[in-house]
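J.: Dropping the structure in here first, questions after.
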Amino acid sequence: MAMDLNKLLKEAVDKKASDIFIITGLPVSYKLNGVIKPQSEEIVLPDTSEQLITDAYKLAGRDMSNFIETGDDDFSISIKGLSRFRISAYKQRGSMAAVIRLVAFDIPNYQELSIHENVMAIAEKTKGLVLVTGPAGGGKSTTLACVIDQINKTRNAHIITLEDPIEYLHKNIRSIVSQREVYADTEGYVTALRACLRQSPDVILVGEMRDFETIQTSMTAAETGHLIISTLHSVGAANTIDRIIDVFPPSQQQQIRVQLSQLLQTVISQQLIPAVDGRLVPAFEIMHCNNAIRNMIRESKIHQIDNAINSFGDEGMISMDNYLLKLFKDGTITSETALKYAFNPDSLERKISL
């Protein structure tokens, strides 16, 4: 039986879902406060999933040939008066499937989302490299949108965003915001990054540093005095730094440590945690590079960074486990939830027991 895509999208918005799952053999499901729930007993058949995904391509005015050929595609659609949607279409077991992320038209208020002031402080940086890291679905895109919005509201600058696909739409407030969608407006991150440097940028948002070339080009752009903000799917500041260094050949790694120690400004790691009241709240690890941490990066003592973060709380730094402890003590999350999401559960358990 045919399903109405517009009806599904409207219902998901009304229910405040974060994601829609269209997968053959299962009912259409919504993710509500981090929990996936079927929306009916009607099983999606291969013809139905193909019809819904074809309808999504029509709404986007996008050609399906790349998806049919490769089995993967990401794009976004915008429905006036409703919302924006980021669609990841893929093939599984020979049939078409999609996960659709709902993205509000308006940039959220960071205070309402419980994004910490020390995270928003990265909007005050004017040069170097800032990284927001964490698992997929951890809220990185929303945090970045809030940071870009803050820069837009407070500074006269040219902000260039390179995204795949574009999620939040930024209006020009005090800044000029040029939003470029990778593969639609430009052939790739590296090409766009190189072109950016000729477009008088002050701030460049790189949607994801996903490979050696993008990381290398981003670091080069940061060296030229621009503020580069990007994301990595890594957990924790120490892991993030190791990940970047390990991308380079061994013969270059010492040079990259020196370069990174000079360029890196802040690493934020975040995850979304189920709260007692049923919401999802963000938890953060915040590392700002001071002289001690720059020396650790340069001298390959990355393993000491976790202790350093705990030692420099007065400089706005906090470890993930101490942030979780704070959320527990505030009554926002349970002790079980805190331990489940902790980087070092044994250590956190001892602190909770005190």
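The values are calculated or read from the model by the stated rules, or taken from the named source; none is laboratory data. This structure is a prediction, so every number in the text was calculated from the model and none was measured. Glycine gets a Cβ as well: all are built from the backbone with ideal geometry, and neighbour counts include every protein chain shown.
J.: Considering the stretch 242-284 alone, what residues qualify as being within 23 Å of residue 315 (Cβ to Cβ), β-branched (Val, Ile, Thr) and crowded, with 20+ Cβ neighbours inside 10 Å?
T.: Matches in the stretch 242-284: 244, 266, 267, 268.
J.: Answer yes or no: is there a residue in the stretch 282-292 that is in a helix (DSSP H, G or I), in the same structural domain as residue 258 (by TED's automatic domain parsing) and either modelled with pLDDT of 95 or more or aromatic (Phe, Trp, Tyr) (or both).
T.: Taking the stretch 282-292 first, the residues in a helix (DSSP H, G or I) are 291-292.
Restricting the remaining residues to those that are in the same structural domain as residue 258 (by TED's automatic domain parsing) gives 291-292.
Remaining after also requiring either modelled with pLDDT of 95 or more or aromatic (Phe, Trp, Tyr) (or both): 291-292.
Yes, the conditions are met somewhere in the stretch 282-292.
J.: Follow-up question, since we're still on this one. For residue 86, work out the one condition from (1) assigned to a strand (DSSP E or B); (2) outside the structural domain of residue 58 (by TED's automatic domain parsing); (3) under 30 Å from residue 23 (Cβ atoms) it doesn't fulfil.
T.: Unmet condition: (2).
J.: Could you look through the stretch 4-36, keep only residues that are of a type in the set (Lys, Arg) and in a helix (DSSP H, G or I), and pick out the one that is surrounded by the fewest Cβ atoms within 10 Å (Cβ to Cβ)? Break it down into steps so the answer makes sense when it comes.
T.: Of all residues in the stretch 4-36, those of a type in the set (Lys, Arg) come to 7, 10, 15-16, 31.
Pick out the ones that are also in a helix (DSSP H, G or I) and you get 7, 10.
On the way: 7: 9, 10: 15.
Selected residue: 7.
J.: While we're here: Among the listed residues 191, 220, 224, which satisfies the condition of being among the β-branched types (Val, Ile, Thr) and surrounded by 15 or more Cβ atoms within 10 Å (Cβ to Cβ)?
T.: Values: 191 fails: surrounded by 15 or more Cβ atoms within 10 Å (Cβ to Cβ); 224 fails: surrounded by 15 or more Cβ atoms within 10 Å (Cβ to Cβ).
Testing whether each residue is among the β-branched types (Val, Ile, Thr) and surrounded by 15 or more Cβ atoms within 10 Å (Cβ to Cβ) leaves just 220.
J.: For residues that are crowded, with 16+ Cβ neighbours inside 10 Å, small (Gly, Ala, Ser) and closer than 17 Å to residue 11 by Cβ, tally how many sit in the stretch 37-76.
T.: Total satisfying the criteria: 1.
J.: Okay, next question. Could you run through the stretch 195-248 and say how many residues are small (Gly, Ala, Ser), part of a loop (DSSP other than H, G, I, E, B) and out of contact with any helix residue (DSSP H, G or I) (no Cβ under 9 Å at 6 or more places or on another chain)? Quick ask: steps written out before the conclusion?
T.: Keep residues of the stretch 195-248 that are small (Gly, Ala, Ser), which gives 195, 200, 207, 218, 221-222, 225, 230, 234, 236-238.
Okay, now just the ones that are also part of a loop (DSSP other than H, G, I, E, B), so 200, 207, 225, 234, 236.
Now drop any that are not out of contact with any helix residue (DSSP H, G or I) (no Cβ under 9 Å at 6 or more places or on another chain), which leaves 200, 225.
Residues meeting the conditions: 2.
J.: Could we say that residue 200 is on the phi > 0 side of the Ramachandran plot and either β-branched (Val, Ile, Thr) or surrounded by fewer than 21 Cβ atoms within 10 Å (Cβ to Cβ) (or both) here? Don't jump to the end; show me each part of the working.
T.: Details: on the phi > 0 side of the Ramachandran plot: yes; either β-branched (Val, Ile, Thr) or surrounded by fewer than 21 Cβ atoms within 10 Å (Cβ to Cβ) (or both): yes.
Criteria met by residue 200.
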